[in-house]
Each structure stands twice: as C-alpha cells, then as structure tokens.
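The values are calculated or read from the model by the stated rules, or taken from the named source; none is laboratory data. Please read all numbers here as calculations on a predicted model, not as lab measurements. Neighbour counts are summed over all protein chains in view; Cβ atoms, including those assigned to glycine, are modelled from backbone coordinates with ideal geometry. Side chains included, ligands, DNA and RNA excluded: accessible areas come from the protein's heavy atoms. Shrake-Rupley method; radii C 1.70, N 1.55, O 1.52, S 1.80 Å.
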Amino acid sequence: MTIMDDAEQQTPVGQDRLQAALAPLLSRRSANALEEPGPDDRQLEALLEAAATAPDHGWIRPYRFVVVRGDGRQALGRALVEAAMEADPLLDAAVAAKLAAKTRIAPVMVLLVASPDVTHKVAVWEQVATASCAGFGLVLAADLAGFGAMWKSAPWLAGRALSGLLRLTEHEQLLGWVNLGTRAGTGPTRRPAEARLLTTRLDGDTVLPWG
Ligand SMILES: Cc1cc2nc3c(=O)[nH]c(=O)nc-3n(C[C@H](O)[C@H](O)[C@H](O)COP(=O)(O)O)c2cc1C
C-alpha cells in the first residue's frame, strides 16, 4: 500500500482532489534570483499574517519579523560583516564582500527573530520550532501569492553588531531572513523528497519501513 492509497482510504477526499490541493505546495520553489517589485506594505502585512498562523504551543508568538528595504539593507550588510569579523578578525575581504552582497539581492528582506519567552512552561526549543514554522509559512505564503521567496542566512548571525542593530534581547536569536521579490528566472526542479523513505511506522514495539 502506498502513502497516497492510505490517505485515500482514511479521508473522504478523493485522490484527484488531494493531488490538486497539494499541487501548489509540491511545486513550490525557492527563488534565488529576485527583482523589483517586492511586496508593498499592504501585501507584506497579508503575507506576515499568513506566516503567523504557524503552530504555536501556548499561543506565545515566540518570534518577530524585521522588514528591511532600501537603506536598511546597507546597514544590515555592514552589521553582517561586523558580526563575521567579531567571530573572525582575520576575515577574508572577499568573504566580507560576499556577505554584504547578500543584502542587495532582494527588494525586501524579512528577518526572522526567534523570541522565546524563557519563563513560559512551554520549552524554548518548541518556541524556536514555532518561529521556524513561521519562516516556512512566509516562504510558502509568498510563493502562493505569486512572489519569489527564499530563506537565507549567514554563518555568523550572532554578536554585538547584529544584536545592536536589531535590538535583540538576551534570549532572542536571528534565524536568518526571507528574501522577497518578483521571481527572475526559473530555478532547478526539485527532486521529489520521497517522503516514504523518511518515514517509518511503529507496529507494536517494532519500527518498520512505511509503505
Ligand atoms: C534557516 C535556513 C537558512 C537557509 N540559508 C540559506 C542560505 O544562506 N543560502 C542558500 O542558498 N539556501 C539557504 N537555505 C535553503 C533555501 O532557503 C532553500 O530551501 C533551498 O535552496 C532548497 O530550495 P527549495 O526551498 O526550493 O526546495 C536556508 C534554509 C533555511 C531553513
């Protein structure tokens, strides 16, 4: 039995309808090459509202977004380089230039900050997981809305320069950013993940392959 057969048996949704419903998700592709226009503020607010539907144990909203456009991108670029140099004072100039360039790729960047409530009974790791879900929600929402989106990061996302610029508090953590804009060019086609190979099932106390 395949996973899809199983889904068909357990739900009132037929296979055709299931595949049609999943098509936008299965065909989603991150967009490396982006151009203007990016989402305007009203569109962005709708995308962020969608992102904020992330599963959230305790309704803590343990994340926040920082929208970066225009001059803000230069300031962020400088802070990324400073953050890298805090960690590695001998940072290669070419690496520094590449880091700064990361902020010039997209019309809009949305920085994703995990902002856990460390006094809450819900574990911090769960809250960071929620923040990560919000990141995927934003990528997915943008893609569904017809924008190009890609979650990006840098090897150095901590340090005084970044926490100062973004006013990060002690327990906050930058999880990277989502680049947003109009898709420019097509990316490679993703190979199917073959989820069945990532999946096992518990049969009594035995773990078996699924499908
Ligand atoms: C936290 C996080 C950080 C990432 N940082 C980068 C990055 O800096 N550069 C990059 O090329 N891809 C990065 N990725 C991966 C891309 O966003 C993207 O998922 C990957 O290229 C696969 O493409 P797809 O989303 O179309 O399957 C990151 C993903 C996550 C979740």
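Key figures
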| item | result |
| --- | --- |
| Where a residue in region 75-95 is over 10 Å from residue 159 (Cβ atoms) and its partner, wherever it lies, is open to solvent by 60 Å² or more (accessible area, probe 1.4 Å) and among the hydrophobic types (A, V, I, L, M, F, W, C), with Cβ under 6 Å and at least six apart | 91/85 |
| Test for residue 17: is it touching a helix residue (DSSP H, G or I) at 6+ places or on another chain (Cβ under 7 Å) and either open to solvent by 60 Å² or more (accessible area, probe 1.4 Å) or in a loop (DSSP other than H, G, I, E, B) (or both) | no |
| Every residue from region 164-197 that is within 16 Å of the ligand (Cβ to nearest atom), open to solvent by 70 Å² or more (accessible area, probe 1.4 Å) and either at pLDDT below 95 or at positive phi (or both) | 186, 188, 189, 190, 191, 192, 193, 194 |
| Which numbered condition residue 81 fails, given (1) out of contact with any Leu (no Cβ under 8 Å at 6 or more places or on another chain); (2) farther than 23 Å from residue 183 by Cα | (1) |
| Number of the condition not met by residue 63 [criteria: (1) surrounded by fewer than 16 Cβ atoms within 10 Å (Cβ to Cβ); (2) aromatic (Phe, Trp, Tyr); (3) within 21 Å of residue 165 (Cα to Cα)] | (1) |
| Residue in region 97-139 that is most open to solvent (accessible area, probe 1.4 Å), counting only those that are away from the ligand (no atom under 12 Å from the Cβ), charged (D, E, K, R) and in contact with a helix residue (DSSP H, G or I) (Cβ under 8 Å, 6 or more places away or on another chain) | 104 |
| Residue tally, condition open to solvent by 40 Å² or more (accessible area, probe 1.4 Å) and in contact (Cβ under 8 Å) with a residue 60 or more places away in the chain, over region 140-163 | 8 |
| Selection count, region 66-76, where residues are farther than 18 Å from residue 151 by Cβ and open to solvent by less than 90 Å² (accessible area, probe 1.4 Å) | 3 |
| Residue in region 152-159 that is over 23 Å from residue 80 (Cβ atoms) and away from the ligand (no atom under 16 Å from the Cβ) present | no |
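Here's the yes/no breakdown for (1) modelled with pLDDT of 95 or more; (2) surrounded by fewer than 12 Cβ atoms within 10 Å (Cβ to Cβ); (3) not in a helix (DSSP H, G or I):
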site	(1), (2), (3)
1	no, yes, yes
4	no, no, no
9	no, yes, no
32	no, no, yes
39	yes, no, yes
42	yes, yes, no
50	yes, no, no
53	yes, yes, yes
56	yes, no, yes
